[in-house]
Amino acid sequence: MRLFVIFLTFMFIQLSAGQAQDNRIEFNDQQLFLSGSNIAWVNFATDIGPSETDFDQFEQIFKTVHRNRGNTMRLWLHTNGANTPAFNENGMVTGPGEGTIEDLEKILDLAWKNEVGLMLCLWSFDMLRESFGNEITDRSRQLLTDSATTASYINNALIPMVDSLKGHPAIQSWEIFNEPEGMSKEFGWRDITGPRSNRVSMNAIQRFVNRTAGAIHRTDSAAKVTNGTWSFKAATDINDNTNYYRDDRLIEAGGDSLGTLDFYCVHYYTWAGTELSPFHHTKSHWQLDKPLVVAEFHPTDMFGVSADDLFKTLYRNGYAGALSWSWTDNNSSAWSTVEGNMRYLWNNHREDVNLLGIAGDPPNVTLTSPANRSEFPADTSITLESEADDPEGEVVKVKFMVGDTLLSEITSPPYSYTWENIPEGNHRIKAVATDDSSLTAESETSIIIVGSVSQTLYEAENATTSGSNVTVEDDQSASGGSYVFMNSETGTIEWTINGMPQDGKYDISFGYSIPEGWGNKTQNLTVNDSGEQEIVFENSGGEWLEKTLNVSLN
């Protein structure tokens, strides 16, 4: 198949110096987009405290997340109160439970060893789940509704936990509840928590959130506190919904001026449709005054949003994090989708997800030969060469790839491979290095042209443009002596391409320039009004560079 290469020439500039504060969570003096998943448990409600903890499984989980460059996981602690904290016969809390703090500290150590932060979720609506029996549900109801019992938990369990662990670099935040609305009179799920009379009011939940959040802030002034809300039905004031976790409402319920949240967390599942979907609305749509993390969602297609694009969509929609559900509930194919989502953010928005811990960075790898856009005659053999190193360890292998196909795997230098019997056309080649910590890195892709390949140049100044401040400017360094200058939040450049020789994959190369000091620029490419693809144009320092993508054309 003969490939058709199209050169498009236009200029992009950065619209803002960086992401707004409202789009990121402060963590260890970094402004991060939280990228990861829920554990949520290895063994339900018994991962810490007077039971055996599977530390090996925790370490394997953290290694996998780190290998795919995620930075955060959500871990449930007391959950339903069956194992921790410790209660006496009167339902009062007497302590965090034997081994609770020690187990949690070891889990945190393993997380930080692998550069993973943990969102520590204290309780879940499961504390009133009927199937766990009256002993658990009765004392949980007392904990939520009786001020003295709440105080016994705060003073004898929560404060000792927070005080003992404060300053641990792996603590991303403390989360009060997982979906407490499920045990509420207003929203509760009858099939789980029984009739309305067995549940508690949202006011009682607000009071508990307020007083526990205040205690955490008072014990550790640097700690972040959040709450895992089941749906936007309880997390926004728009469209007749109610944000139960607004500062003034929490303080009114519990009376503690420090008992507010530092950021919001919301969960989304497809039962809520598109009206309550963060994948179909930007963060600003909900009119919230704090950063918002989407902390639970299934890694599946969402009403037209591909499972492969979930993290990207939340990032672009202005949220502060994406944590899928969940390690223990996912099958292997679903977890593979999550891995790809995390790697996408690392490869395209590394400055926003790179948690600077102690485990180190991936290796360095460069494809040194052939050079990008090298041309070769048909029936030729080409030698591929790469250089790779790892400043903190050693490189254990380098793979040469053409597209997604493995050509060769080399386990020691020199990293070289001779490719023979190459078909005519354009081929995208890269090198992938893996170090002794199982971290990987990819080189820049080189496109080689083998045989006779036709190319056509389409100038941006001859295209159809729209948007304010989208203008044609003269510049003799541009390929046609002019370029399209884009300096607006919205605008389009549209080309109509006729006479494709056949359906298939084609390379499109964009010529672009970004002035010195402007940073990167993100744009979207659509083909035939579908298949939107995000493109990140890296700052070129005023030079003209090319960005090449492979797309399907009719």
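So, in region 402-412, how many residues would count as being in contact (Cβ under 8 Å) with a residue 24 or more places away in the chain and part of a loop (DSSP other than H, G, I, E, B)?
Of the residues in that region, 1 qualify.
Could you please give the count of residues in region 231-255 that are closer than 15 Å to GLU275 by Cα, crowded, with 21+ Cβ neighbours inside 10 Å and hydrophobic (A, V, I, L, M, F, W, C)?
Residues in region 231-255 being closer than 15 Å to GLU275 by Cα, crowded, with 21+ Cβ neighbours inside 10 Å and hydrophobic (A, V, I, L, M, F, W, C): 3 in total.
Report, by residue number, each residue of region 489-516 that is within 19 Å of PHE537 (Cα to Cα) and without any contact (Cβ under 8 Å) to a residue 60 or more places away in the chain.
Residues satisfying the conditions are THR490, GLY491, THR492, GLU494, GLU516.
Scanning for something within 28 Å of ALA223 (Cα to Cα), of a type outside the set (S, T, N, Q) and either at pLDDT below 95 or out of contact with any strand residue (DSSP E or B) (no Cβ under 7 Å at 6 or more places or on another chain) (or both), does region 289-306 turn up at least one residue?
Among the residues of region 289-306, at least one is within 28 Å of ALA223 (Cα to Cα), of a type outside the set (S, T, N, Q) and either at pLDDT below 95 or out of contact with any strand residue (DSSP E or B) (no Cβ under 7 Å at 6 or more places or on another chain) (or both), which makes the answer yes.
Are any residues in region 517-551 of a type in the set (Gly, Ala, Ser) and surrounded by fewer than 12 Cβ atoms within 10 Å (Cβ to Cβ), and if so, which ones?
First, pick out the residues of region 517-551 that are of a type in the set (Gly, Ala, Ser): 517, 519, 530-531, 540-542.
If the condition is that a residue be of a type in the set (Gly, Ala, Ser) and surrounded by fewer than 12 Cβ atoms within 10 Å (Cβ to Cβ), then GLY517, SER530, GLY531 are the ones that fit.
What is the residue count in region 349-387 for residues that are within 30 Å of ALA170 (Cβ to Cβ), open to solvent by less than 60 Å² (accessible area, probe 1.4 Å) and modelled with pLDDT of 90 or more?
Result for region 349-387: 6.
Out of contact with any Asp or Glu (no Cβ under 9 Å at 6 or more places or on another chain), among the hydroxyl-bearing types (Ser, Thr, Tyr) and in contact (Cβ under 8 Å) with a residue 40 or more places away in the chain: which single residue out of THR79, THR72, THR64, THR137 fits that description?
Step by step, each of THR79, THR72, THR64, THR137 is checked, and only THR72 is out of contact with any Asp or Glu (no Cβ under 9 Å at 6 or more places or on another chain), among the hydroxyl-bearing types (Ser, Thr, Tyr) and in contact (Cβ under 8 Å) with a residue 40 or more places away in the chain.
Pick out the one residue from SER530, SER513, SER540 that is closer than 25 Å to SER306 by Cα and among the hydroxyl-bearing types (Ser, Thr, Tyr).
SER530
Just to be sure I understand, how many residues within region 332-343 are open to solvent by 50 Å² or more (accessible area, probe 1.4 Å) and modelled with pLDDT of 80 or more? First the steps, then the outcome.
Keep residues of region 332-343 that are open to solvent by 50 Å² or more (accessible area, probe 1.4 Å), which gives 332-333, 336, 343.
Among the residues that remain, those that are also modelled with pLDDT of 80 or more are: 336, 343.
Number of matching residues: 2.
Just give me the residues in region 69-93 being open to solvent by 10 Å² or more (accessible area, probe 1.4 Å) and among the polar types (S, T, N, Q), in sequence order.
Hits for region 69-93 are ASN83, ASN88, ASN90.
Just wondering, is there one or more residues in region 296-315 that are in contact with an Asp or Glu (Cβ under 8 Å, 6 or more places away or on another chain), loosely packed, with under 15 Cβ neighbours inside 10 Å and not in a helix (DSSP H, G or I)?
Scanning region 296-315, I find no residue that is in contact with an Asp or Glu (Cβ under 8 Å, 6 or more places away or on another chain), loosely packed, with under 15 Cβ neighbours inside 10 Å and not in a helix (DSSP H, G or I), so the answer is no.
Can you find a residue that is buried (at least 20 other Cβ atoms within 10 Å of the Cβ) and assigned to a helix (DSSP H, G or I) anywhere in region 171-179?
Step one: list which residues in region 171-179 are buried (at least 20 other Cβ atoms within 10 Å of the Cβ), which gives 171-179.
Okay, now just the ones that are also assigned to a helix (DSSP H, G or I), so none.
No; the residues of region 171-179 include none that is buried (at least 20 other Cβ atoms within 10 Å of the Cβ) and assigned to a helix (DSSP H, G or I).
Pairs please, first residue from region 231-255 and under 13 Å from GLN287 (Cα atoms) and assigned to a loop (DSSP other than H, G, I, E, B), second anywhere and at pLDDT 95 or above and of a type in the set (D, E, K, R), Cβ atoms under 6 Å, 6+ apart in sequence or on different chains.
Listed pairs, sorted by first residue: ASN241/LYS233; ASN243/ASP237.
Every residue in region 316-331 that is at pLDDT 90 or above and out of contact with any Asp or Glu (no Cβ under 8 Å at 6 or more places or on another chain), please. Outline the logic, then answer.
Let us first name the residues in region 316-331 that are at pLDDT 90 or above, namely 316-326.
Those that are at pLDDT 90 or above and out of contact with any Asp or Glu (no Cβ under 8 Å at 6 or more places or on another chain): ASN317, TYR319, GLY321, ALA322.
Would you point out which residue out of SER231, SER184, SER164 is under 18 Å from PRO291 (Cα atoms) and touching a helix residue (DSSP H, G or I) at 6+ places or on another chain (Cβ under 8 Å)?
Going through SER231, SER184, SER164 in turn, the sole match is SER231.
The values are calculated or read from the model by the stated rules, or taken from the named source; none is laboratory data. Just so it is clear, the structure is predicted and the values come from calculations on it, not from any experiment. All Cβ positions, even for glycine, are placed from backbone atoms using ideal geometry, and neighbour counts span all protein chains on display. Note: accessible area is taken over every heavy atom of the protein model, side chains too, but ligands, DNA and RNA are not part of it. Shrake-Rupley method; radii C 1.70, N 1.55, O 1.52, S 1.80 Å.
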